[in-house]
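Since the structure comes first, as structure tokens, the remarks are kept for the end.
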Number of protein chains: 2
Amino acid sequence: MIIRDLNEAKGTERHIHSDGWDSVRLLLKSDNMGFSFHITTIHANAELEMHYKNHLESVYCVDGTGSIEDLATGEIHQIRPGVMYALDQHDKHILRANDKPMIMACVFNPPVTGKEVHQEDGSYALEAEEA
Amino acid sequence: MIIRDLNEAKGTERHIHSDGWDSVRLLLKSDNMGFSFHITTIHANAELEMHYKNHLESVYCVDGTGSIEDLATGEIHQIRPGVMYALDQHDKHILRANDKPMIMACVFNPPVTGKEVHQEDGSYALEAEEA
């Protein structure tokens, strides 16, 4: 049994910081769960274009409000606590936070190793592509 | 892209009720994400012995407090918002809620189909075993 606490993991190597967001990885590939689990904060007023070509991701809003724009259809879906989106088609999208941070519980399949970097196209590299 | 809202899913077939807990399945096997994602409420003062023999599960506490007892070691871990436990060893455990409900974001691998029932031993049957 693995026990981890978001508040203890903040500020450790599990906590990564990027432009407009930061993320605490509570489960990574090395935990052998077959998925990774992250608590990600989208900073207030952030606008993030993302495209996870190599991963499926689900995102559940725990706190805050914003929106997600599906770049394939142009549709904009409002995000508030209780709303989940799942990028089952590796959907290219723009995530926008309103004037407070959004706290999101994120699941990635395949699991993130913790060594990925966001590439210029907004995707994470697959582990094999990092070599 | 899949968009689902916890509040809209409550009271639908996605919302299942059991003794001491209820759960809204926002993602199931049929969504082809490779995991399922549930928002589960552990009722106030519930004490639940569980053993997922066929699934790995991670559970992140969004609200409420309680504890998890690892029946292999006897250890008791306190649960509060921000604490996650992962049953990476199919750990037999007792989950206890304090005097308010606990709201948990749960990930299952393999994904739950939505047709499982909790068996007498506290596990979910695998799909193949249901036939």
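The values are calculated or read from the model by the stated rules, or taken from the named source; none is laboratory data. All of these numbers come straight from a predicted model, not from anything done at the bench. Using ideal geometry, Cβ is built from the backbone for each residue, glycine included, and neighbour counts are taken over all protein chains shown. These area figures cover heavy atoms from the full protein model, side chains too; ligands, DNA and RNA do not enter into them. Shrake-Rupley method; radii C 1.70, N 1.55, O 1.52, S 1.80 Å.
Observations on the model:
- Listed by chain and number, the lysines whose alpha-carbon sits under 27 Å from that of residue B:10, ignoring those within fewer than 8 places in the same chain, are A:100, B:29, B:100, B:115.
- Label 7 Å beyond Cα on the Cβ vector: residue B:20 copy-to-copy distances, nm: 4.5
- Per residue, region A:16-86 exposes an accessible area of 38 Å² to a 1.4 Å probe, with every protein chain left in place.
- Solvent exposure, largest accessible area first (probe 1.4 Å, DNA, RNA and ligands not counted), of A:90, B:38: A:90, B:38
- Coordinate range along principal axes, alpha carbons of region B:26-114, Å, largest first: 36, 26, 20
- Each distinct pair of alpha carbons in the protein assembly as shown adds a 1/r term; the inverse of their mean, the Kirkwood radius, is 18.7 Å.
- Label points for residue B:63 are taken 7 Å from Cα along Cα→Cβ. From this copy to the others they lie 1.3 nm apart, shortest first.
- Residue A:45 label point (Cα plus 7 Å toward Cβ) to equivalent points in the other copies: 4.9 nm, shortest first.
- Pairing chain A with chain B buries about 3100 Å² of accessible area. This figure sums both sides and uses a 1.4 Å probe.
- Accessible surface of region A:26-114, 1.4 Å probe, proportion on carbon and sulfur as whole %: 45
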